[in-house]
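The values are calculated or read from the model by the stated rules, or taken from the named source; none is laboratory data. This one's a predicted model, so the numbers in the text were calculated from it and none came from an experiment. Cβ placement follows ideal geometry from the backbone for every residue including glycine, while neighbour counts extend to all protein chains displayed.
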């Protein structure tokens with residue numbers, strides 16, 4: 001199935017990887033949102049659990065190993081013809097929007113902690129690094145990404 005103009009949503013996993021007071025961020029190397037900052041993630045393979053997808057995607061994109069600590073939310077990322085995909089743009093349009101769907105991902109967002117490995121960009125990531133949580137406002141991020149990161153940190157710290 002093609003990623004562009006799919007005939008059904010594509011299941012994916014987004015992973016918030018925490019290490020101390022930092023979160024693992026990538027600069028996307030492929031569409032959609034190529035060149036923009038995000039959390040690691042990718043498509044789930046047939047026969048693969050979402051937890052296994054999380055570990056594989058983080059390993060492939062950043063070279064680090066993780067322990068998944070919980071699920072945060074399920075988010076639909078829907079991009080229609082004419083959407084500009086600017087950082088912060090909402091990608092869940094109104095239900096009555098009849099423009100053709102270019103991308104539709106149903107993302108299982110989860111929280112994880114770093115267990116080992118040195119960060120290096122790989123596969124779909126053009127760049128990867130641990131970014132201080134208190135400096136997230138410096139990155140042009142989708143509002144849903146910021147919310148998911150905040151909730152992951154709260155889960156790890158026992159506040160959720």
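Would you check which residues across the range 137-149 are surrounded by fewer than 18 Cβ atoms within 10 Å (Cβ to Cβ), in contact with a strand residue (DSSP E or B) (Cβ under 9 Å, 6 or more places away or on another chain) and outside any loop (DSSP other than H, G, I, E, B) and list them?
Residues satisfying the conditions are 138, 147.
Of the residues screened, residue 90 is not one that is in a loop (DSSP other than H, G, I, E, B) and modelled with pLDDT of 85 or more. Given the criteria in contact with a helix residue (DSSP H, G or I) (Cβ under 6 Å, 6 or more places away or on another chain), surrounded by 19 or more Cβ atoms within 10 Å (Cβ to Cβ) and modelled with pLDDT under 95, does residue 77 qualify? Spelling it out, it is not the case that residue 77 is in contact with a helix residue (DSSP H, G or I) (Cβ under 6 Å, 6 or more places away or on another chain), surrounded by 19 or more Cβ atoms within 10 Å (Cβ to Cβ) and modelled with pLDDT under 95.
Within the range 41-54, the set of residues being surrounded by fewer than 20 Cβ atoms within 10 Å (Cβ to Cβ) and not in a loop (DSSP other than H, G, I, E, B) comprises 43, 50, 51, 52. I need a count of the residues in the range 115-136 that are assigned to a loop (DSSP other than H, G, I, E, B), over 18 Å from residue 21 (Cα atoms) and over 14 Å from the mean Cα position of the chain (by Cα). Selection size over the range 115-136: 4. With the condition kept exactly as written, say whether any residue in the range 93-108 is surrounded by fewer than 18 Cβ atoms within 10 Å (Cβ to Cβ), more than 15 Å from the chain's Cα centre (by Cα), closer than 24 Å to residue 21 by Cβ and modelled with pLDDT of 90 or more. No, every residue in the range 93-108 fails to be surrounded by fewer than 18 Cβ atoms within 10 Å (Cβ to Cβ), more than 15 Å from the chain's Cα centre (by Cα), closer than 24 Å to residue 21 by Cβ and modelled with pLDDT of 90 or more. Screening the candidates 26, 15 for the property of being closer than 16 Å to residue 105 by Cα and assigned to a strand (DSSP E or B) yields one hit, 15. If I ask for residues that are assigned to a helix (DSSP H, G or I) and in contact with a strand residue (DSSP E or B) (Cβ under 6 Å, 6 or more places away or on another chain), which ones from the range 56-84 would you list? The answer is 57, 58, 61, 62.
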